[in-house]
Structure formats: C-alpha cells, structure tokens
Amino acid sequence: MLRYTAKQLANMAITLFAVSFLVFALNELSPGDVARKLLGAYATQSQVDILYKEMGLDRPLIVRYLEYMGNALAGDFGQSLVFRRPVSELLFDRLGNTMILAAISFAVIVPLSMLLGVLAGMRERSLFDRAISVFSSICASIPEFAMGVFLLAIFVVWLGMLPGVSPLRADSGWAVWMQFVLPVLVVTFYDAGYLISMIRSSMVEVMRSAYIRTATLKGMSFRGVVAKHALRNALITPFTVILLQLNYLVSGLVVVETLFAYPGFGRLMLEAALSKDIAVIEAGTLVAVSVTMLTQLFGDLGYMLLDPRIRV
Amino acid sequence: MADVLVFDKVSIDYRGKAGVQRILNDVSFSIPAGGSMGLVGESGCGKSTVALAAMRYLPRGMTVAEGRISVEGRDTAGLSDAELRRVRGNRVAMIYQDPMSSLNPVMTVGEQLMEVPLLHGVTDRAVAFQRAVAMLGEVRLPDAEAMMARYPHQLSGGQQQRVVIAMALMAEPALLIMDEPTTGLDVTIEAAILELVRELRSKFGAAILFISHNLGTVARICDRIGVLYAGRLVETGDIRSVFHRPAHPYTHGLLSALPRIDARGKGARLHPIEGTLAAADRARPGCAFSPRCPHMAPAECVERSVPMVPASPAADHLARCARLEAVRKASQAAWRARPPAEAEVDAPILLDVRHLTKNYELGGRFGGRAKRVVRALSDANFQARAGQTLAIVGESGCGKSTLAKTISGLIPASAGEARLGDADLAQLPVDKRPRDLRRRIQMVFQNPDSTLNPSHSVEFALARPLKVLRGMGSGEAKREVARLMEQVQLPPDLLRRMPHQLSGGQRQRVAIARALAGEPDLVVADEPVSALDVSVQAAILNLLSDLLERSHVGLIVISHDLALVRHMADWVAVMYLGRIVEYGPADAVFRPPYHPYTEALLAAAPKPDPDAGAPTVVLGGAMPSSTQAIVGCPFASRCPRKIGAICDTETPPVRRFGVHSIACHIDLPPPAAGIRSQADAAAPPP
C-alpha cells in the first residue's frame, strides 16, 4: 500500500508539472498579449512595447515557465492583474472561504445520503424507498440556480428569516453563521439527491445478492444482516463517487457562490477567466488539479481498505 | 414425529403483473431423519422454490396458498420471527449453487463461519473459533487456521464450496438443503465434493434435500428421488425403482435424453423430449406433461386431474400418470442405437495443428516486478478431419478455450502452426484473415443468450453472414435463410422474433444456423450445450451430429462433459495444464490404457446409476498455476499413479499405440485387443 501511495504521489507531481506547463503555454498563446490587456485599448503601441520588455515577455517561453515554477514552488504565484494583489494571498483567502463552505456541506451531505440511501435500499420498493427515491430525484433534477432562487423566495423574501447574500462580513447586518445556511442548503439538496440515489441502488443490488441470502438463512436478524453484511459492500461502489463530491464542492460551486455573492474560489476563477487574469487562472488551475488528484488518491486507498479483492 | 421435513399438499402462488401463477401444485413428500431425497427437473420446474419454501424464504410475491410445510414436526407457517431464526442455520442449513457469490466478499472465511455458532447459543468467540477450525478440518481444507484469515476470492471454486459446506454443518443441523451444489464446478472437483457430502452425511447424520438437474449427481447422493414437472411432483420413489423402472413418461424422457459415458460409442442416439414447457401448462387441470407426451389420451389425461398412483410393486413408488400400463409397454422397445462407427483414420485432414503454443506475459511493463509468463498452451499437436468430430476435454484452466480462440483467430499463437489448407491460422488474427478463410471457420459459443445481438431479429442474424461471407443479394439470402431454418428444425415464423423471445434451445439452434450459414469447413463449438437443460441438450446434440454427417463439416467441440463427448466424438484430445496428455480415436481413449488423468476424469464423471458406487479415483488438490515452469510431467503433482522422482524431473515420453498417443512415464500395456490375444495364447477357451 505504501509503495502504491508513493507511486501515485510521483504520478501526481508529474501530472501537475504537465498541467502547469500546458496552462502556462495556452495562456501565452491566447489572443492579445498580457501587456496590452494590462494597459487597455487606448494605450499606444510604444507604451505596450515598453511594458512588454519590462515584464520580460520577450524571453523564450521555457525560460519564463521555469522562472514561474521556481517562484511558485517558493509560494509566489505572481500578481493578479485585476485585484492588484499577490495571487497567493488572494487564493488563500478565497480558498479558505470555499473550504469552510465545502467542509460544512460535506459534513451534512455524506451522513445524510448514507443514512437515507441505505434505509431506502434495504427494503426495495417499500413505501419509504419510494418516498426517498422521489425526493432524491426531484432534488437532483432541480438545478442549483433554480433551487437557490426558490429558497431565497421562501426564506428571505417571504419569511425574512435568513440573509439573501453571504459576503461573510459581520457588518452586513446578519450573523456570519446565518450567512452559511442558504448556500449549504442549496448545495446539500442538489448534491445529496444524486448521492442518495447512487447509494440506494448500490444497497438494492447488495440486498439482492446471494451472500445476503446466506446470512439471512444462517438465522441472522434483518438488522444484523444489514449492519454486518450489507453496509460495507453497499458503500464500495459509491465510495469514490462520494469523494468526487469534494472536487465539485471546492471548484464547482460557481453558481451558488455567484448567487449569494459568496467570496469563494469558484467565483474567483470565473472572474479571472472573464477578465483574462492569467496569473490567477494558472494558480487556480493548479489548485483544482491538485484537489482532484488528491481525492482520487484517497478514493483509491479507501477503496482498497473497503474491498479486500483489490488490495495490492 | 420422525420426519425432518414434510411437504403436505403444498401449493405456492406467485402474484405478479400477469396475475396469479401457480408455481408449485400439490407437492407432497417427506424426508425422515438421516434420509436423503433428490429433486430433479428442468429449469423452471419449481425445484428451487421447494428449497426456499422449506426455509420459509420465498421471494417477494410468492405465498404458500395451500398445504403445510413442517420442519421437525413444527408447521413453519406458525413460527415467529425469532423462532424462525432459531431454525434457520441451526436446524436447517442450506448449501448453494455458485459458492463464490454466496460468500460475503469483504469478510474473512473465519468471520463468516464463526457467525453461525455465535448466532446460535455460543457466546465465547474463542469457542466459536475453535469450532470453525475443527469444521474446516472436517471438510478437508488444508491448514485450517490460515484458511480462517483468508477472503473468499483467495480460494478456488472447490475450496469455496467446502467452506459453504462447513458453514452449513457448523450447527450440526437436522436437515441440509443443497441447491445444485456442484453445478459449475469441474468434474473432478464435483466428484470430490460429492464424496465429501456422502462421508459427512454418515458422520453427522443430517437428512438431505438434494436439488439438481443432473441425474448422475442425484444417483450418487440420494436414496429417494422426486421428479418435478411444471410445479407438480410427477414421480417419487426409491432411487433404484425410479432409475431402473421409471414409470412416468417424463422420467423416461429425462433418463433417455441423458448422454451416458457407458454408451456404446459415437452414434448412440439420444432421445430428446419433444416440445417445451409452456407457461399455460402449469394451469392445466389434467396432466401438465400431456402436450408433450406420446401416450396422451384426451379423456384420461387432459380433462380430469391425475392423482399420484402406485407405479410399481416397490413400496412408495408413485407416479402421476393415468396411462402407466401403456407407457410400460411402449418403453420395452426403447434404445435403438446405430452401430457405433469406427473413426476413419483416413478421412481428409482439414486442420493440421503442430506445436501450437500460447504464452501470455503478465506485468513487468515499467521494469517493476519480474515478468511472469502464463503458459496457456504448450506444444499442442492434433488434426481435425472432414466430417468428423474432435472433442477437447479437460478441467477449467486447462487451455481448451485458449486453443479455440487461437484457431478462430481471436488471439494469435506464440509459436507453432495450425494449417487449414494453405493458410497458417496460428499467426493470422481474424481481422487479417481473408474473407474466404473467415467463412471457412465458424464458432458456436456456450451461452446463446449473450452471443446473439439482442437488437437483431433472427432473420437479420442469419442473413448477415450470407451477405457478408457469401456475397448474396437480399432475395437469395432470404431463400437461404429459410433453408437454414428448416435445417435446424425451427419454424419459419420465428424469423421475425428477437433473441429474448426465444427459448435457450431455440437460440442455440439459431447460433448453429448462423455458424452454418457461411458453409464452413470447420465449426468450433465451445461448450455448446452446457447452458441447456438435459432434454434440450439431447435435441441439439442430435441436430449437430445429423448436420455434420450430411455436410462433411469438421467439428471441434470443447467440453468438460465426458458423457457428451462419448456420444459425439470421433477423436478425443485430453488436455491438462496447457498440454495434450492423451490423444486418439474416441474408442481408444475411452478404453484402457488410459493416461492417469483421463482415468481420473472418467471415474469422476457422474453416472446416472444408483449402483455405480464411489469413483475409484478421486483427484485431490487443484491444477497448479500455469505461471510456473514445468520440468517433468504437468500432472505429477496430482497423479494418483505417480511412479517416482522421474515424474517431477523428466518430460514424459509419448507412448504410441497406432494413432492413439499417451504422454506418461508409466509403461502402459497395449490396448485390450492385444491383452486378449495374449490371454488366448496362455489359456485356450474351454
């Protein structure tokens, strides 16, 4: 297992380098040079040329890439053109905010979906199963923005119980914890709907298997069969999917963050992309790729712990 | 009450979308303490429902509509949940088909075994552990303590079934229910498991309900037998009475459809049961078998219900038949066998295989672990002849499927050649073969459900090879399809059907028609009937042998079933661990001298005869891994007749008796004909 982990970490480093180079090169090749973007459309060509030289953009791509990576390894990702702040600071702030939202959501979504999915799947076609199936497919099929607007209408406009925006500032008139409620709710509804149906169908399949019959006909109670024989098997397939939700929660919350004016990582990436803030895009991509690869590694390791058939 | 299990006029209904269906109808039998009863019948006859009903574990939608099921004198319907749990696994235990899927893949063998005593009264884990270890010893698993820590996937199929048996015996139950316990296992493993069951039965004294489609395995285990048809018991009795004097025409049919290893040789014709079981037959007021029965008389069989009546002087031999007398008379004239045909050695050679070898390389891609080589096929030599059948037999993993795949071009060989006319098939993958060569070799696969494209009609499946391989136009192809359908005895109205609308036998007929569509020279059939019921299997086998005889197509049939091979083959190649250990005309291979492996296979094959007795040789162990380099004889590690160190160190010489060859160190005597002449010389007949 150690050997496998080391191998995967090495793979990860190689992939990160490859991705960073690709993103770096692609940004360079995109139309319009950086100096022009910085100075705007009304600057003269000679002004642009001077800045171009000052920024060292006339040097070969590979030299500039190596310099960039050298700085990046030291924690310096350059300056954001739009926010006029070091990228590392900006990223740290925004990523921190997103991590809080992601952690709370994950802590709600996972136990909730496991509980409902297993309860629904253990008695296929029971009333509870049907109710949960309907509920989860409704949740999963309403897009986040619709769900967000819907909840805003109820809790903010109608009931006035919760704040409509979540800038995470104490001076906005609402306690900071209350500003988390709606974003977490929207994410939970949307994501849990998907996970519940995933876990449910895995559980249904396990409950139909021959070893569940074996356990029952040993004289074991239904509760014992579910807890001892079904649960672990039913979680094997959804396990990787559960971890994949971390990717979504860290870099896919653009819609929710935008909707609630939440200062998170997804929105930062969106803004950077719209304004061609290259340094931010580059650093953000590296973060997103690392998160994906780390969750994959944890997914593989957890998978091995759950399923003795694939232990290496 | 001395009876462990009693079914008293039990009927079971299934309530589904199509209304209520009667799955079991008026089934009565009982098993006394220590007795053993076999239940046989084709798929869909309700055998497994009987097993599940005895455990009160019916699938959703099924209910006991009438009658009483009692276990040790107690009506199971009246048991509370807690009482039921004390019966299950404790008084009645079950052993299943497919041991791999009936063991929990994420729990160790030990945990799963220990659960049984822990559920039924034992509180001390150490005691449970000791019992589990002891029981693993009882089922002859080596190194029981180490076995406890293993996971099911780390065991072989035979070992897994031993674990399941150990699990069932843990609580020393009064009744063991075995549902097809050896289906899917190799013959040698099957024989060993059946011997184990017999032995444990006398030791633990449990009664047995043994469910199987295989009359041979039932004959080896049971003292009574019940024959189920369409949910009704049609005949029950002492095993010898039923096997020797079958009364019901369906029982007759089952017995005469069965290929026998003691058949007189190739050409001994099988008698399939005509027709198939229709869903409507279950609801018939009269005899459910009447639509398929040659002795049917409307007044007696169709219009009124048929009761169980005494079928022979033997006590308790009952049959549900209104025309027993007529059936008895007719059966005197059965078994008209054709004279066994001697294999013609001089029939033209179609396919000449020499030194064919296939190695797979595992691992070692980035110089990590050392490369391992799987020797799937080593130095195979044989010929397939026009109009004749070559059977390739051996246990799973012996390389027989690799051989078929190499010939059909699905995988390239590593060395050697396989000549079909001028072409060498060994190095020619199927996509590089010219169209005409592809036409000349066709395959029939084991599982017709998965080899016919589910979204193509029968007509499309048959017309396509005609157009592609024989370049026919639509009109011509249509006429040819009609002819093919007639050849495989399928009614033309099936042409528009989709594969899922056909029965298993019909699908396999379509698969055969498809293979014949290109007018091939050679057909390779990989276990063509092993997924089919006995009665259907006989019809398909007859069809194949008729077609071949007429068309001079060569057939290579791959099979694990020696009885079937005895009926079909002109030539036999016995494979072990990627090598052909014995090869020759079928009559020579099925007669001594044998290779010790052939001898073991023959002994292990279940025989539908209650007096056959225990097999003379039971192979222990498992086939070694084919990644190890073999120095001496590949069979040395399991050979019951190993003669000494020479078997481990030197490649056995090939002993030839004419065209019959055996690779063995034992100095085998020449065939029986030679012995007889010697004996004649020594002692003249009186």
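Does B:GLY73 qualify as being surrounded by 18 or more Cβ atoms within 10 Å (Cβ to Cβ), in contact with a strand residue (DSSP E or B) (Cβ under 8 Å, 6 or more places away or on another chain) and away from chain A (no Cβ under 14 Å)?
Values: surrounded by 18 or more Cβ atoms within 10 Å (Cβ to Cβ): no; in contact with a strand residue (DSSP E or B) (Cβ under 8 Å, 6 or more places away or on another chain): yes; away from chain A (no Cβ under 14 Å): yes.
In short, no.
Out of (1) within 30 Å of B:VAL589 (Cβ to Cβ); (2) surrounded by fewer than 23 Cβ atoms within 10 Å (Cβ to Cβ), what's the single condition that is false for B:GLY253?
B:GLY253 satisfies every listed condition except (2).
Might you check whether a residue that is touching a helix residue (DSSP H, G or I) at 6+ places or on another chain (Cβ under 8 Å), at pLDDT 95 or above and within 14 Å of chain A (Cβ to nearest Cβ) occurs anywhere in region B:178-190?
yes
Only one of B:ALA93, B:ALA53, B:ALA77 is outside the structural domain of B:ALA132 (by TED's automatic domain parsing), part of a helix (DSSP H, G or I) and under 29 Å from the mean Cα position of the chain (by Cα). Can you tell me which?
Values: B:ALA93 fails: part of a helix (DSSP H, G or I); B:ALA77 fails: under 29 Å from the mean Cα position of the chain (by Cα).
Matching residue, one of B:ALA93, B:ALA53, B:ALA77: B:ALA53.
I'd like the full set of residues that are open to solvent by less than 40 Å² (accessible area, probe 1.4 Å), small (Gly, Ala, Ser) and part of a helix (DSSP H, G or I), limited to region A:192-209. Break it down into steps so the answer makes sense when it comes.
Taking region A:192-209 and keeping what is open to solvent by less than 40 Å² (accessible area, probe 1.4 Å), we get A:192-193, A:195-196, A:199, A:202-204, A:206-207, A:209.
From what is left, the residues that are small (Gly, Ala, Ser) are A:192-193, A:202, A:209.
Across region A:192-209, the qualifying residues are A:ALA192, A:GLY193, A:SER202.
Restricting attention to region B:80-90, which residues are part of a helix (DSSP H, G or I) and either of a type in the set (D, E, K, R) or closer than 14 Å to A:GLY224 by Cα (or both)? Write out each step before concluding.
The initial filter retains those residues of region B:80-90 that are part of a helix (DSSP H, G or I), namely B:81-87.
B:ASP81, B:ALA82, B:GLU83, B:ARG85, B:ARG86, listed by residue number.
Here is a list: B:ALA482, B:ALA477, B:ALA426. Which entry is farther than 30 Å from B:LEU356 by Cα, open to solvent by less than 90 Å² (accessible area, probe 1.4 Å) and touching a Pro at 6+ places or on another chain (Cβ under 9 Å)?
Details: B:ALA477 fails: touching a Pro at 6+ places or on another chain (Cβ under 9 Å); B:ALA426 fails: farther than 30 Å from B:LEU356 by Cα.
Unique residue meeting the criteria: B:ALA482.
Going through A:ALA261, A:ALA273 one at a time, which residue ends up being more than 14 Å from every other protein chain (Cβ to nearest Cβ), surrounded by fewer than 23 Cβ atoms within 10 Å (Cβ to Cβ), at positive phi and not basic (Lys, Arg)? Walk me through it before giving the result.
Numbers: A:ALA273 fails: at positive phi.
Just a single option satisfies the conditions, and that option is A:ALA261.
So that you can scan it fast, the table gives a plain yes or no per residue for (1) assigned to a helix (DSSP H, G or I); (2) more than 30 Å from B:GLN442 (Cβ to Cβ); (3) without any contact (Cβ under 8 Å) to a residue 12 or more places away in the chain:
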{"residue": "B:GLU582", "(1), (2), (3)": "no, no, no"}
{"residue": "B:ALA588", "(1), (2), (3)": "yes, no, no"}
{"residue": "B:ALA600", "(1), (2), (3)": "yes, yes, no"}
{"residue": "B:ASP609", "(1), (2), (3)": "no, yes, no"}
{"residue": "B:VAL617", "(1), (2), (3)": "no, yes, no"}
{"residue": "B:GLY620", "(1), (2), (3)": "no, yes, no"}
{"residue": "B:CYS647", "(1), (2), (3)": "yes, yes, no"}
{"residue": "B:ILE666", "(1), (2), (3)": "no, yes, no"}
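Let's see how each residue does on (1) farther than 17 Å from A:ALA261 by Cβ; (2) open to solvent by 60 Å² or more (accessible area, probe 1.4 Å); (3) part of a helix (DSSP H, G or I):
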residue: A:MET161; (1), (2), (3): yes, yes, no
residue: A:GLY164; (1), (2), (3): no, no, no
residue: A:GLN179; (1), (2), (3): no, no, yes
residue: A:TYR190; (1), (2), (3): yes, yes, yes
residue: A:TYR211; (1), (2), (3): yes, no, yes
residue: A:MET220; (1), (2), (3): yes, no, no
residue: A:VAL225; (1), (2), (3): yes, no, yes
residue: A:HIS229; (1), (2), (3): yes, no, yes
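Please verify whether region B:37-51 includes one or more residues that are modelled with pLDDT under 95, within 12 Å of chain A (Cβ to nearest Cβ) and open to solvent by 20 Å² or more (accessible area, probe 1.4 Å).
yes
Can you confirm whether region B:110-123 contains a residue that is farther than 22 Å from B:GLU180 by Cβ, more than 9 Å from every other protein chain (Cβ to nearest Cβ) and touching a Phe, Trp or Tyr at 6+ places or on another chain (Cβ under 8 Å)?
yes
Collect the residues in region B:149-160 that are within 14 Å of chain A (Cβ to nearest Cβ) and touching a residue at least 40 places away in the same chain (Cβ under 8 Å), keeping them in residue-number order. Steps first, answer last, please.
Step one: list which residues in region B:149-160 are within 14 Å of chain A (Cβ to nearest Cβ), which gives B:149-155, B:160.
Across region B:149-160, the qualifying residues are B:ALA149, B:ARG150, B:TYR151, B:PRO152, B:HIS153, B:LEU155, B:GLN160.
Filter region B:94-109 down to the residues that are out of contact with any strand residue (DSSP E or B) (no Cβ under 7 Å at 6 or more places or on another chain) and facing chain A (nearest Cβ under 7 Å), then identify the one that is most open to solvent (accessible area, probe 1.4 Å). Break it down stepwise before answering.
Filtering region B:94-109 for residues out of contact with any strand residue (DSSP E or B) (no Cβ under 7 Å at 6 or more places or on another chain) gives B:98-109.
So of that shortlist, the ones also facing chain A (nearest Cβ under 7 Å) come out as B:98, B:101-106.
Numbers: B:ASP98: 77, B:SER101: 45, B:SER102: 1, B:LEU103: 3, B:ASN104: 0, B:PRO105: 14, B:VAL106: 5 Å².
Checked region B:94-109; the qualifying residue most open to solvent (accessible area, probe 1.4 Å) is B:ASP98.
Given the condition modelled with pLDDT of 90 or more, closer than 25 Å to B:LEU562 by Cα and not charged (D, E, K, R), answer yes or no: does some residue in region B:427-441 qualify?
Yes, some residue in region B:427-441 is modelled with pLDDT of 90 or more, closer than 25 Å to B:LEU562 by Cα and not charged (D, E, K, R).
If I go through region B:604-618 residue by residue, how many of them are among the small types (Gly, Ala, Ser) and surrounded by fewer than 16 Cβ atoms within 10 Å (Cβ to Cβ)? I'd like the intermediate steps shown before the answer.
Our first condition is that a residue be among the small types (Gly, Ala, Ser); within region B:604-618, this holds for B:604-605, B:612-614.
In the following step, the residues that additionally are surrounded by fewer than 16 Cβ atoms within 10 Å (Cβ to Cβ) were identified as B:612-614.
Adding up the residues that qualify gives 3.
Name the one entry in B:GLY205, B:GLY253, B:GLY226, B:GLY237 that is farther than 16 Å from B:PRO606 by Cα, small (Gly, Ala, Ser) and in the same structural domain as B:ALA278 (by TED's automatic domain parsing). Quick ask: steps written out before the conclusion?
On the way: B:GLY205 fails: in the same structural domain as B:ALA278 (by TED's automatic domain parsing); B:GLY226 fails: in the same structural domain as B:ALA278 (by TED's automatic domain parsing); B:GLY237 fails: in the same structural domain as B:ALA278 (by TED's automatic domain parsing).
Testing whether each residue is farther than 16 Å from B:PRO606 by Cα, small (Gly, Ala, Ser) and in the same structural domain as B:ALA278 (by TED's automatic domain parsing) leaves just B:GLY253.
Determine whether A:GLY302 is farther than 28 Å from A:MET147 by Cβ, without any contact (Cβ under 8 Å) to a residue 40 or more places away in the chain, within 14 Å of chain B (Cβ to nearest Cβ) and in a helix (DSSP H, G or I).
No, not satisfied.
Hey, could you check region A:231-253 for residues that are within 14 Å of chain B (Cβ to nearest Cβ) and in contact (Cβ under 8 Å) with a residue 40 or more places away in the chain and say which is surrounded by the most Cβ atoms within 10 Å (Cβ to Cβ)? Working first, answer last.
Quick first cut of region A:231-253, residues within 14 Å of chain B (Cβ to nearest Cβ) only: A:231-237, A:239.
Next, from what is left, pick out any that are in contact (Cβ under 8 Å) with a residue 40 or more places away in the chain: A:231-232, A:234-236, A:239.
Numbers: A:LEU231: 16, A:ARG232: 16, A:ALA234: 25, A:LEU235: 21, A:ILE236: 18, A:PHE239: 20.
Once the filter is applied, the top-ranked residue is A:ALA234.
Quick one: would you say A:GLU124 is within 14 Å of chain B (Cβ to nearest Cβ), of a type outside the set (Lys, Arg) and either outside any helix (DSSP H, G or I) or out of contact with any Leu (no Cβ under 9 Å at 6 or more places or on another chain) (or both)? Working first, answer last.
Values: within 14 Å of chain B (Cβ to nearest Cβ): yes; of a type outside the set (Lys, Arg): yes; either outside any helix (DSSP H, G or I) or out of contact with any Leu (no Cβ under 9 Å at 6 or more places or on another chain) (or both): yes.
Against the criterion (within 14 Å of chain B (Cβ to nearest Cβ), of a type outside the set (Lys, Arg) and either outside any helix (DSSP H, G or I) or out of contact with any Leu (no Cβ under 9 Å at 6 or more places or on another chain) (or both)), A:GLU124 qualifies.
Exactly one of these conditions fails for A:PHE83: (1) surrounded by fewer than 16 Cβ atoms within 10 Å (Cβ to Cβ); (2) within 26 Å of A:LEU168 (Cα to Cα); (3) not assigned by TED's automatic domain parsing to the domain that holds A:VAL280. Give me its number.
Among (1) surrounded by fewer than 16 Cβ atoms within 10 Å (Cβ to Cβ); (2) within 26 Å of A:LEU168 (Cα to Cα); (3) not assigned by TED's automatic domain parsing to the domain that holds A:VAL280, A:PHE83 violates only (1).
Residues to consider are B:ARG131, B:ARG86, B:ARG140, B:ARG91; find the one that is open to solvent by 40 Å² or more (accessible area, probe 1.4 Å), farther than 30 Å from A:ILE236 by Cα and facing chain A (nearest Cβ under 8 Å).
Working: B:ARG131 fails: facing chain A (nearest Cβ under 8 Å); B:ARG140 fails: facing chain A (nearest Cβ under 8 Å); B:ARG91 fails: facing chain A (nearest Cβ under 8 Å).
Just one listed residue meets the conditions, B:ARG86.
Six or more apart or on different chains, Cβ atoms under 6 Å: show the pairs whose first residue is in region B:297-317 and closer than 10 Å to B:ALA247 by Cβ and whose second is open to solvent by 80 Å² or more (accessible area, probe 1.4 Å).
Filtered contacts from region B:297-317: B:SER312/B:ARG245.
So which residues in region B:602-647 are modelled with pLDDT of 85 or more, out of contact with any Phe, Trp or Tyr (no Cβ under 9 Å at 6 or more places or on another chain) and under 28 Å from B:ALA257 (Cβ atoms), if there are any at all?
B:ALA603, B:ALA604, B:ALA605, B:PRO606, B:LYS607
Tell me yes or no: at least one residue of region B:524-542 is closer than 21 Å to B:ARG439 by Cβ, part of a helix (DSSP H, G or I) and either in contact (Cβ under 8 Å) with a residue 24 or more places away in the chain or of a type in the set (S, T, N, Q) (or both).
Taking region B:524-542 first, the residues closer than 21 Å to B:ARG439 by Cβ are B:524-526, B:528.
Now drop any that are not part of a helix (DSSP H, G or I), which leaves none.
Looking through region B:524-542, none of the residues is closer than 21 Å to B:ARG439 by Cβ, part of a helix (DSSP H, G or I) and either in contact (Cβ under 8 Å) with a residue 24 or more places away in the chain or of a type in the set (S, T, N, Q) (or both).
The values are calculated or read from the model by the stated rules, or taken from the named source; none is laboratory data. A quick note: this is a predicted structure, and the numbers were derived from the prediction, not measured. Note that each Cβ is placed from the backbone with ideal geometry, even for glycine, and that neighbours are counted across all protein chains shown. Areas reflect the complete protein model, heavy atoms only, side chains present, ligands, DNA and RNA absent. Shrake-Rupley method; radii C 1.70, N 1.55, O 1.52, S 1.80 Å.
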